[in-house]
Every structure is written in structure tokens, then in C-alpha cells.
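Okay, so here's the structure we're looking at.
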Amino acid sequence: MKSKYESGHLVMLPICSYGFRPTMRHFMHPLHDIRAYDYELPEKLIAQYPLEKRDASRLLIVEDEMQHQSFSQLLDHLNENDLIVFNDTQVLKARLFGQKETGGKVEVFVIRTAGHEGTAFIKASKGPKPGSQIVILPNELNEQAEDVPASVQIESQNADGTYEVSYSGDWLALFKARGHLPLPPYMNREAKASDDNRYQTLWAQKPGAVAAPTASLHFSEQLLADLKAKGVETGYLTLHVGAGTFLPVRVNDIREHQMHEEYYEVGQELIDKIKATKAKGGRIISVGTTVLRTLETIGRGKTIEQLEAESGNTSIFIYPGFEFSVVDLLVTNFHLPKSTLLMLVSAFAGKQLIEKAYATAVEQEYRFFSYGDAMLLTRAPK
């Protein structure tokens, strides 16, 4: 990945053909230009399936002199009294296939639920009308543990193209009985039975996500046992990963991008562990960007001693210039071009170092995205 700009220079937008001359508000720092987060990725490097063993993936140690290791060697970079934090969300089988009353095929991807109501992306040859019913078809890969109502009703369409929907039964029961795992669109395949296990973390407990916290997919039972044996503390929080993780940034100035909200919970046990770790001189290691976004949400404008247990919704958008207050190291996968997550890691480790890391990963043919390889980042000094 090669940056088109040098840090500290400004990008001048061109004068429009009809004579408009830009004012100062039309100038932006190069790190706010969406083009600074683009890179070329050969399609063959996009991982379509996981490796046989979770911790057999590669791990790029991102520093001035890059190190190429196995993920199982992560332990070599952690110390006794460090705290490693995981996300315990569970991915919902929220992708539903059905038929309209006219017989037309339709896909309903439910991204939020509240009681009997829900919000969904709907894919069909012609958009369904408010008041119409979608009959959800069975998924032969699921165990039909119970009979559930099979119809979802369309209530209305939102300005952003999503639909408000309703369901007379329990959404979780419907997902379990008839739903499909919502694999990311870049996998270009349908979910298989093996994905039920491999697209979930070993500690997934709280249903609510529509995408996996993928950095956690590399952790095996053995690696978790090795962490404990070395004296590395573990902690858990919850962030239900939303559909916004799939959405590209469509604005030229990234500061104009609007993040979707995601629900999070941070309990007192984790807060106590963070404070104790910092008091002993240990480091906070975030496994994945979902953990980092949650910890930095509760840490904004606070010292470590001021942290409190809390829950709520976050739409935090982290890009270069952000001041981190909690996380010291980040374990993460490689992210899509022009994505908010690429902006996040650029903010955390430094833009130039991330450019070097991605160029190295492409050259060395690392596997990219959800089922791909990982990297270990250290927070750049202020």
C-alpha cells in the first residue's frame, strides 16, 4: 500500500468547471482524505475458508523490522501481569431466505431487534410492500429443535434503504431454526455447517452480533491454557458487532462519515482487572477492534482510575488524530481498503507503519479479512 501524500501537506480540491473557487473549508489534511486508505489487494489473498487449526494462522509483528510468526507465538510477546481482553458476543444466524406472497425469492438480513420489531436489509428483485408477508424457508443445516412461526411482516422502508419488520414469535428462536450465518460478502459463498463453529469464538456467550469479532477466531483452547500458565490475565466485555462493519466509507472527507451504533457492556470485574493491571505496570491487550472501540468509548476523557462499569450504544469513529487512553497493544486481522477499521489501525499504530505492514503482507501473501491472518500492533507514542 503506497500513500499518495506526505504527512503534513494539505490536499486542495480542484476548482469546479463553472468557476467556483474553494474556501478554506474545502481544504483537508491528507489523513482525512479517503484515498489515503486505499490499497490494491489480489483477490487470491482473500481467505474464503479458515485453516484447519485456529492458531495455525500467521502473525505479523508490526514494527520497524517486521517479524513473520505463527499465531501460536503470540505468547512470546505477552508478559506476566498483562491483561488480554476478549469480546464474548455470539453471532446470530440473522440471514433469512424466504418467499414473497407472489412467490418471488427474497433475502432478509436482520441487523437489529427489539421485542417483536426489527430492522433489516432486504434483497429482492422488487422491494416488498409495507404490510406484506415474507415466508421464511427452513435451513437444512439447522437442527429443527422447535416449531416456530415462519412469517416476517414488512412494516415500512427507511430512508437509508433498510426496512422495519416485525415477527410474532421470538427472533432468536427463528434464527436458530431457520437462519443462516451472515458470512461477509467478500467470501462469495454460502455458509456451511463447519462455519457454525469456526465463525464463532470459543467463548461466544451473548447472542447479538451479525458479524464475528474475527481477531478472536485465532485463539485455540491450547493457546488460552498457555496464556493462563504464563500469568497473563484474561477479561471479557460485550460489543454486538453491527452491519456497519460491512459498509464502506462513501465520503471523500472521512470526518463526514456516520458510524452505526453498536451495543456494548463492560462489567465491574473487567474494570477492576484493568485498574489492577495498570497499577502493576502491565499492559492492556485488545483482541480485535471491537474490544478496542469499547474500551476507548468508556475511556474517553478519563484516567484509568476514573473508569466505571457501563453499558450503552457506541458510534465511536477512530481515525488518525484520536487520543487513546486504555489500550496498549492490539491483535487484529487485515482490513478492507477504505474501511473505518483501516483508519482505526492507522490511528493506533501510525499511518506510515500500517502502510508498510500492508505492503509487506501483500508481498508475503498473507491471508486477508475474516478468516485470514493477524497482526500485532503496539500503540504509537503520542
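We did not get these values from a lab; they are worked out from the coordinates using the rules stated. Small disclaimer: the values here were computed from a predicted structure and weren't measured. Cβ: placed from backbone, ideal geometry, glycine included. Neighbour counts: every protein chain shown.
Helix-only estimate, please: 222 nm mean residue ellipticity of the chain, summing -39500 (n - 2.57) across DSSP H runs of length 4 or more and dividing by its residues, to the nearest 500.
Roughly -5000 deg cm²/dmol at 222 nm, from the helical runs in the chain.
In the stretch 186-244, how does Rg compare with the Kirkwood Rh, expressed as the Rg/Rh ratio over alpha carbon atoms?
Result: Rg/Rh = 1.02.
For the stretch 38-141, report the % of Cα-Cα distances exceeding 25 Å.
Considering the stretch 38-141, 54 percent of its Cα-Cα pairs are separated by more than 25 Å.
Using DSSP to define loop residues, name the chymotrypsin sites (Phe, Trp or Tyr not before Pro) in the stretch 164-272 whose beta-carbon has at most 16 other beta-carbon atoms within 10 Å.
TRP203
For LYS123, list the aspartates and glutamates whose Cα falls under 19 Å from its own Cα; do not include residues on the same chain fewer than 8 positions away.
GLU101, GLU107, GLU155, ASP160, GLU164, GLU190
Give me the Debye-computed log₁₀ of I(q)/I(0) at q = 0.08, 0.10 Å⁻¹ for the chain, equal point scatterers on Cα only, no solvent, two decimals.
-0.45, -0.70
What's the whole-number percent of alpha carbon pairs in the stretch 199-319 lying beyond 19 angstrom?
It works out to 53 percent of all Cα pairs.
Limiting things to C-alpha atoms, what are the Rg and the maximum Cα-Cα separation (Dmax) for the stretch 58-217, in angstroms?
Using the Cα atoms of the stretch 58-217, the pair Rg, Dmax is 19.4, 62 Å.
For the stretch 297-349, treating each Cα as an identical point scatterer without solvent, what Debye log10 I(q)/I(0) comes out at q = 0.25, 0.26, 0.28 1/Å?
Log10 I(q)/I(0), no solvent term: -1.12, -1.17, -1.23.
Please give the per residue volume of the convex hull enclosing the alpha carbon atoms of the stretch 277-382, rounded to a whole number of Å³.
Each residue corresponds to 115 Å³ of Cα convex hull volume.
Tell me which residues come under 5 Å, amide H to amide H, from SER132 once H is placed; ignore anything under 5 positions away on its chain.
Sorted by chain and number, the residues that satisfy this are ILE154.
So if I take the alpha carbon set of the stretch 235-303, get Rg, then get Rh from the Kirkwood formula, what is the Rg over Rh ratio?
1.05
When only DSSP loop residues count, what trypsin sites (Lys or Arg not before Pro) in the stretch 95-195 have their Cβ near at most 15 other Cβ atoms within 10 Å?
Within the stretch 95-195, the qualifying trypsin sites (Lys or Arg not before Pro) (loop, at most 15 other Cβ atoms within 10 Å) are LYS126, ARG189, LYS192.
What area, in nm² and to one decimal, does the C-alpha convex hull of the stretch 95-180 cast on average over all directions?
Approximately 5.2 nm², given one-decimal rounding.
Hey, which aspartates and glutamates would be in cross-link range of LYS278, C-alpha to C-alpha under 14 Å, not counting anything within fewer than 8 residues on its own chain?
Once the sequence-local aspartates and glutamates are set aside, what remains near LYS278 is GLU80, ASP82, GLU233, GLU305, ASP328.
Only loop residues by DSSP count here, and only those with at most 16 other Cβ atoms within 10 Å; note down the GluC sites (Glu not before Pro) in the stretch 285-346 that meet that.
Listed in order of number, the matching sites are GLU308, GLU323.
Amide H to amide H under 5 Å from ASP38: which residues, 5+ apart in sequence or cross-chain, H placed 1.01 Å off N in plane?
Hits under the 5 Å cutoff: LYS338.
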